[in-house]
């Protein structure tokens, strides 16, 4: 992501943020899972890369009371992509970004000091979903060899959330494994939210897109697409930092107590999902009413929400190498990866 892309996107992002702050992606309150609420709450604004079950801890932390338990009154503003969310953070429209680890590394390479203070997930669990009619025309199925599935997308229009987003990066890495280059051998189409991508896949405007497991299964169940490629078929993507709670280094230094409260709230939320899976799933069902309980029951365990919201060096080194391979970072920039994340704010 270039400096100009980061800066030029800010004004539009802040306009979107202003509208988003007036709404919530939660349709009903989930079961309250905390019992003690401080008398005075600190208000913060948190942008969310996209409204999708892969980011369920964000909405669940709010609806189930984990933010309040830790002294926080949080306005959650869902946007259209991780790259859009980080623009809002850098532009001052939010104090926190529930976004994507790659955005921390790219921003740092441009001189913008960001840091991940809690992990949502440590695996890039994204799926390329292929339009069913297009797949039939190419004679491919989900069980064909990986290279054959990827090569079938030569000449296709592939939907992503936004340029520079993790959907963009993951598509480019997977396609490059068979020698296919974006803009030459296939075309990436910036569409926005997962719901918008599903709509375009349904009409055939795009021949494929990249989803989290819930939207992939939704598209398959609707008869719109077939599961084409899993990012987890690539070791570097399977064990790479993905969902991250991001803040500026300057804000973290000036507000360590608030940062610790946010990190603790996510640790408690992630652990609640692991320790009470049935209750957590019932709560998550209420937050995403357009996705069936059966699909959520299938997809939520696949996200692998990070225990204690902790991350690890391997996950971040793999993410940095993905960016180097895609030309977003130099090797020397990737060598500073250990300064871009911390576990100091999450419970030990």
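Readers should treat all values here as calculations from the given coordinates under stated rules, not as data from a laboratory. Since we're looking at a predicted model, the values are computed, not measured. Please note: Cβ atoms are built from the backbone with ideal geometry, for glycine as well, and neighbour counts cover all protein chains shown.
Data overview
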item	result
Protection proxy ranking of 137-143, 279-285, 46-52 - average other beta-carbon atoms within 10 Å, highest first	46-52, 279-285, 137-143
Protection proxy ranking of 159-165, 177-183 - average other beta-carbon atoms within 10 Å, highest first	159-165, 177-183
For segment 169-322: relative contact order, % (alpha-carbon pairs under 8 angstrom, 6 or more apart)	28
Mean separation of Cα contacts under 8 Å, 6 or more apart, over the residue count of the chain: relative contact order %	25
Listed values (i) 134; (ii) 147; (iii) 123, entry calculated as volume of the Cα convex hull per residue in Å³	(iii)
Value at 222 nm in deg cm²/dmol, rounded to 500, when DSSP H runs of n ≥ 4 in the chain each add -39,500 (n - 2.57)	-13000 deg cm²/dmol
In degrees, nearest ten, helix 277-287 long axis to first principal axis of the chain (Cα)	80
Whether segment 259-348 is rounded, prolate or oblate, judged on the alpha carbon gyration tensor where a/c under 1.5 counts as rounded	oblate
Residue-span extension gain [residue 143 to residue 314] - 0.36 nm each, minus C-alpha spacing	58.6 nm
Inter-label distance for residue 276 and residue 238, nm, one decimal - labels placed 7 Å from Cα along Cα-to-Cβ	3.3
Sequence-separation-based contact order of segment 127-238, relative, with Cα cut under 8 Å and 6+ spacing, percent	44
Whole-angstrom gap from segment 287-315 to segment 108-128, using each part's C-alpha centre	16
Cα gyration tensor, segment 127-238 - rounded (a/c under 1.5), prolate or oblate	rounded
Global form of segment 92-137, assessed from the alpha-carbon gyration tensor, a/c cut-off 1.5	prolate
Angle between the chain longest axis and helix 166-176 axis [Cα atoms, degrees, rounded to 10]	30
For the chain, built as a Gaussian network whose Cα springs stay under 10 Å, the top-fluctuating residue of 244, 294, 88	294
